[in-house]
1. If I ask for residues that are farther than 21 Å from residue 316 by Cβ and under 21 Å from the mean Cα position of the chain (by Cα), which ones from the range 109-151 would you list?
2. Do we have residue 209 as more than 21 Å from residue 272 (Cβ to Cβ) and either surrounded by 15 or more Cβ atoms within 10 Å (Cβ to Cβ) or in the same structural domain as residue 268 (by TED's automatic domain parsing) (or both) here?
3. Kindly establish whether residue 389 is touching a strand residue (DSSP E or B) at 6+ places or on another chain (Cβ under 7 Å), over 26 Å from residue 334 (Cβ atoms) and outside the structural domain of residue 246 (by TED's automatic domain parsing).
4. Taking the range 180-193 on its own, how many of its residues are assigned to a helix (DSSP H, G or I), surrounded by fewer than 18 Cβ atoms within 10 Å (Cβ to Cβ) and touching a residue at least 60 places away in the same chain (Cβ under 8 Å)?
5. Out of the range 373-407, which residues are in contact with a helix residue (DSSP H, G or I) (Cβ under 8 Å, 6 or more places away or on another chain), in a helix (DSSP H, G or I) and closer than 11 Å to residue 434 by Cβ?
6. Here's a check for you: in the range 323-358, which residue that is assigned to a helix (DSSP H, G or I) and touching a helix residue (DSSP H, G or I) at 6+ places or on another chain (Cβ under 7 Å) is surrounded by the most Cβ atoms within 10 Å (Cβ to Cβ)?
7. Suppose the filter is at pLDDT 95 or above, over 23 Å from residue 304 (Cβ atoms), in the same structural domain as residue 281 (by TED's automatic domain parsing) and exposed (fewer than 13 other Cβ atoms within 10 Å of the Cβ); does residue 203 pass it?
């Protein structure tokens with residue numbers, strides 16, 4: 001019995017030992033399996049990360065290749081347009097004959113450039129107006145059309161005229177405006193002007209250039225007027241440019257087509273400058289708003305501009321970059337001179353700097369002073385010219401508003417002003433002089 005018990009205990013211990021060994025073996029196998037599974041998971045994660053990085057690298061390479069392709073496509077597009085430009089110029093030269101561009105008996109007075117972009121109908125009207133009076137002076141005033149961009153209608157229209165030379169400005173540089181909300185067009189216009197004037201002064205070597213826009217008609221005496229103006233530019237270096245425009249040139253404010261003035265305000269809209277002036281302006285030409293830039297004292301430096309009483313250009317551009325600003329009120333009513341005046345026979349020495357001060361001060365001094373309010377009503381009771389003194393810009397704007405002339409100032413100068421004096425006709429040939437607070441002193445007139 002005792003032996004049986006002992007044998008049973010030994011058997012139990014053996015069984016427990018076997019179970020323990022089996023359990024340990026199972027745990028070892030399980031641990032080994034888990035380790036192998038963990039290694040496989042780690043390897044799988046590593047493989048996935050590698051695939052992801054390779055995918056990203058591939059995507060980056062594809063993006064770079066795409067950008068390269070886009071860049072190449074843009075380059076091809078530019079080259080195609082440049083090739084088209086060259087083909088056009090070659091055709092232009094072939095049709096006109098290269099010799100005709102250089103076989104000029106006379107040294108030109110000035111090149112005439114029409115600044116165009118995308119208004120073929122306007123350009124056609126402008127060209128026809130110029131050619132109407134151009135025949136007898138073609139050798140003295142060679143005509144160019146400078147197009148900004150690649151509008152095919154404008155290019156075709158310009159090339160359809162044998163009497164002019166076509167230039168094309170292709171500008172692919174992006175435009176960055178300096179202030180939010182600005183129109184890009186004003187920046188592109190400034191770039192075009194600089195390019196065109198550089199071409200005419202430095203490549204074609206003209207001494208003077210007359211700048212027109214593609215929405216202008218000219219007067220019968222346009223070319224004679226600028227030929228006389230060229231002589232003034234040469235004689236008097238205090239004259240910065242000759243203009244064909246009067247901002248207050250509306251029909252109700254002008255009378256005498258023979259009258260010219262000096263002005264401290266740059267008029268624009270059909271003007272001529274010399275190469276020496278462009279040598280100064282070209283290196284610092286502005287990014288935008290070139291006309292207002294020329295009206296700054298730091299740029300005109302006290303030099304003045306010759307302007308007519310009656311305009312020699314008419315601006316019909318109701319639709320354009322300025323979005324028709326002021327068109328109905330100020331541009332549409334402009335009077336364009338219709339008389340063929342012989343400017344060569346006229347004595348214009350009164351426009352020379354020192355002579356004009358004396359000439360103009362005499363006119364202002366002889367005008368009847370007028371004071372108080374209701375100025376328009378009071379003028380009707382006065383015979384002859386009238387002068388009205390304004391205190392400051394606000395006072396000037398009040399008076400100008402009563403008569404309907406331009407109220408705008410730029411850099412402290414009213415439009416058309418000479419030494420602060422704005423002159424215009426009113427209803428008859430009577431002159432009205434709006435006189436600044438120190439204008440009489442500048443003119444050497446004792447205030448009475």
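The values are calculated or read from the model by the stated rules, or taken from the named source; none is laboratory data. None of the values given here were measured: they were computed from a predicted structure. Virtual Cβ from ideal backbone geometry, glycine too; neighbours counted across all protein chains shown.
1. 111, 149, 150 - these are the residues of the range 109-151 that are farther than 21 Å from residue 316 by Cβ and under 21 Å from the mean Cα position of the chain (by Cα).
2. When the stated conditions are applied, residue 209 does not pass them.
3. Yes: the conditions hold for residue 389.
4. Looking only at that region, the number is 1.
5. 375, 399, 402, 403, listed by residue number.
6. 351
7. Spelling it out, residue 203 is indeed at pLDDT 95 or above, over 23 Å from residue 304 (Cβ atoms), in the same structural domain as residue 281 (by TED's automatic domain parsing) and exposed (fewer than 13 other Cβ atoms within 10 Å of the Cβ).
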